[in-house]
Amino acid sequence: MGEFQTYLPIYAIVLAAILCVGETLILVRTNKYWPLSIDDYLACGALIISALIFESAAGVVLMLCAWAFMTGNLYAMLFTRLDPHTGTRERIPALSVLLGAASLGLVATFATLISRMVPA
């Protein structure tokens, strides 16, 4: 996981950009109520800010919080849509990939935090 930690800020920025573009496309093409997207934009903003200050301890902690929030949000969206009674089954593959990517970021950031806490 050490090699991935080097690229973690870039990974966070790329995934945040993908999520922002995707969320914007959904807002433009569907009748989604726009306040429901604010949390996604805030999580993306937190990821980008944390990537820019990643060398500091606060950057790693902020990134961990942003990944945790994003992972929980994507989990809720995915399984709400998979609900057998009320689920819409919309964008299941995209949500699955994003949930996996956010989970990977969460684990890698947590590993980074732990490795920085352990004295060399």
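The values are calculated or read from the model by the stated rules, or taken from the named source; none is laboratory data. In this text the structure is predicted, and so the values were computed from the model without any measurement. Positions of Cβ are backbone-derived with ideal geometry, glycine not excepted, and every protein chain shown enters the neighbour counts. Heads up: the accessible areas ignore ligands, DNA and RNA and are worked out on the full protein's heavy atoms, side chains in. Shrake-Rupley method; radii C 1.70, N 1.55, O 1.52, S 1.80 Å.
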Count - residues of the stretch 60-101 that are among the polar types (S, T, N, Q) and assigned to a helix (DSSP H, G or I): 4
Failed item, numbered, when Leu42 is tested on (1) open to solvent by 30 Å² or more (accessible area, probe 1.4 Å); (2) more than 15 Å from Leu106 (Cα to Cα); (3) modelled with pLDDT under 95; (4) of a type outside the set (Val, Ile, Thr): (3)
Residue identified as at pLDDT below 95 and open to solvent by less than 70 Å² (accessible area, probe 1.4 Å) among Asn31, Asn73: Asn73
Where Leu106 falls short, out of the listed (1) closer than 18 Å to Glu3 by Cα; (2) out of contact with any Ser or Thr (no Cβ under 6 Å at 6 or more places or on another chain): (2)
Residue within the stretch 98-108 that is touching a Phe, Trp or Tyr at 6+ places or on another chain (Cβ under 7 Å), surrounded by 12 or more Cβ atoms within 10 Å (Cβ to Cβ), of a type in the set (A, V, I, L, M) and touching a residue at least 60 places away in the same chain (Cβ under 8 Å) present: yes
Residue pairs meeting the criteria (Cβ under 6 Å; at least 6 apart or on separate chains; first at negative phi and in contact (Cβ under 8 Å) with a residue 12 or more places away in the chain, in the stretch 1-23; second open to solvent by 50 Å² or more (accessible area, probe 1.4 Å) and in a helix (DSSP H, G or I)): Ile13/Ile48; Ala16/Ile48
Those residues of the stretch 45-59 which are open to solvent by less than 20 Å² (accessible area, probe 1.4 Å) and assigned to a helix (DSSP H, G or I), in sequence order: Leu47, Ser50, Ala51, Gly59
Residue within the stretch 28-40 that is aromatic (Phe, Trp, Tyr), farther than 30 Å from Met117 by Cβ and not in a helix (DSSP H, G or I) present: yes
Number of the condition not met by Trp67 [criteria: (1) at pLDDT below 95; (2) touching a Gly at 6+ places or on another chain (Cβ under 6 Å)]: (1)
Residues (hydrophobic (A, V, I, L, M, F, W, C) and over 20 Å from Leu98 (Cα atoms)) located in the stretch 29-60: Trp34, Leu52, Ile53, Phe54, Ala57, Ala58, Val60
